[in-house]
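Values quoted throughout were computed directly from the atomic coordinates according to the rules given, and no laboratory measurement underlies them. Computed from a predicted structure; not experimentally measured. Positions of Cβ are backbone-derived with ideal geometry, glycine not excepted, and every protein chain shown enters the neighbour counts.
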Amino acid sequence: MATYRAAQVPTAGGGFEIVERELREPGPGHARIAVEACGICHSDAGFVEGAFPGLSFPLVPGHEIAGRLDALGDGVAERGWQVGDRVVVGWFGGSCGHCKQCRQGDFIVCQNLKVPGWAYDGGFAESVVAPADALARIPDDLSPADAGPLGCAGVTTYNGLRRSSAQPGDLVAVLGIGGLGHLGVRYAAAMGYETVAIARGADKAELAKELGAHHYVDSTAGTPVAEALQALGGADVVLATVGNSEAIGAVVDGLARRGELVVIGATGDPMGIAPLQLILQGRVVRGHPSGTSQDVEDTMRFSALHGIRPTVETAPLDDAEAAYQRMMSGAARFRMVLTM
């Protein structure tokens, strides 16, 4: 019997354990991936702690999966895939195809979205079976450790910017320089925006410059962030990558007239935004989810073209617990990636 290893959480809030599982054959419309790398995302805490509804344990998390196809179910080859193809599966792990949103072509907000680790075992493992519509092709220039995080952190920031109202030359601010934000700054600069990086501490100024930012705002410097943005003319778009509602709310008055706040930093806390802050200047606040497999391909191609890579630290699957704790503690810079 062929087996593979996986890092699973036996109960909600439990630690990772390495287990042997029987290798599965993919069913119709599915493909099996020999996993080479899988990023650890802050949202993985929602899986490990059992915070998302409908989770069942033991659970294998991981939704930044990069690897090679090693088996195809019926109908997958007809979609243009073959064994050996390099692929990523991100937060978008497949859609139902029949809900209203899918029928309208808006697959990322599918009512029955199949997130790896939630709908099926995720990528903290040597093997994953995923629906064919979740597969995104990796460009030759990207390594597995670089490609995996682009399936969630990358596509979320890239899509958040390209689907915003910003035009080349506009003032675009990225709130936070972490796992999402460091990519957001790079994408914003590559897209031709006048880019502002906002973070805590003067020591981040040099990093912001290295990432391509034209301006840096230290949110701890004494001058309110909104005032600093208005001194630059007002931000046409702010991409909020931090999971801090107070920090997100503090940038609203820094938006230009008709400015747009795009929120991708996940938190359950309410934002303190008054209606008048939006109404009088026609401002917009918009939440943005991740992106489909096609969006992931677009993100990877853009990244390869412009030399954009996530900043990652790698660890072997056997060290999943230590790598997870390093990521959640904020010690990692900026993404922990498990390698198989």
So, over other residues within a Cβ distance under 11 Å of Gly117, counting Lys, Arg +1 and Asp, Glu -1, the net charge is -2
In the chain, how does Rg compare with the Kirkwood Rh, expressed as the Rg/Rh ratio over alpha carbon atoms? 0.98
Check which residues have an amide H placed less than 5 Å from Tyr193's amide H, if you skip close sequence neighbours. Gly169
Once you have the Kirkwood Rh of segment 200-302 from its Cα pairs, apply Stokes-Einstein at 25 °C and 0.890 mPa s and quote D in µm²/s. 163 µm²/s
In deg cm²/dmol and to the nearest 500, what is the mean residue ellipticity at 222 nm of the chain if only DSSP H runs of at least 4 residues count, each as -39500 (n - 2.57), divided by the residue total? -6000 deg cm²/dmol
Projecting each Cα onto the charge dipole of segment 164-287 (Lys/Arg +1, Asp/Glu -1 at the beta carbon, about the Cα centre), which of Ala213, Gly243, Met191 comes out farthest on the positive side? Met191
Using Cα pairs under 8 angstrom and six or more residues apart, how large is the relative contact order of segment 66-200, in percent? 19 percent
Rounded to the nearest 20 Debye, what is the dipole magnitude of segment 1-145 about its Cα centre when Lys and Arg each give +1 and Asp and Glu each give -1 at the C-beta? 360 debye
In order through segment 40-46: 3J(HN,Hα) via Karplus (6.51 cos²θ - 1.76 cosθ + 1.60), integer Hz, x for Gly, Pro: 9, 9, 4, 5, 4, 4, x
If I build a Gaussian network model for the chain, linking alpha-carbon pairs within less than 10 angstrom, which residue out of Val238, Val48, Val296 has the largest mean-square fluctuation? Val48
Anchor Lys209: aspartates and glutamates whose Cα lies under 14 Å away (excluding residues fewer than 8 positions away in-chain): Glu194, Asp218
Name the residue, out of Gln325, Gln277, Gln167, whose mean-square fluctuation peaks in a Gaussian network model built on the chain with Cα pairs under 10 Å. Gln277
Taking Asp44, Asp133 and counting other beta carbon atoms within 10 angstrom, the fewest-first order is Asp133, Asp44
DSSP bridge orientation in the chain - percent antiparallel, rounded to nearest 5: 50 percent
Counting other beta carbons within 10 Å of each residue's own, what order do Met327, Met271 fall into, fewest first? Met271, Met327
Cross-link partners of Lys114 among lysines (Cα-Cα below 24 Å; sequence separation of 8 or more within a chain): Lys100
Comparing Pro316, Pro61, Pro270, which has the greatest mean-square fluctuation in the GNM of the chain with Cα pairs linked when under 10 Å apart? Pro270
Treating only the Cβ atoms of Lys and Arg (+1) and Asp and Glu (-1) as charged, compute the dipole magnitude of segment 217-301 about its Cα centre; round to the nearest 20 debye. 260 debye
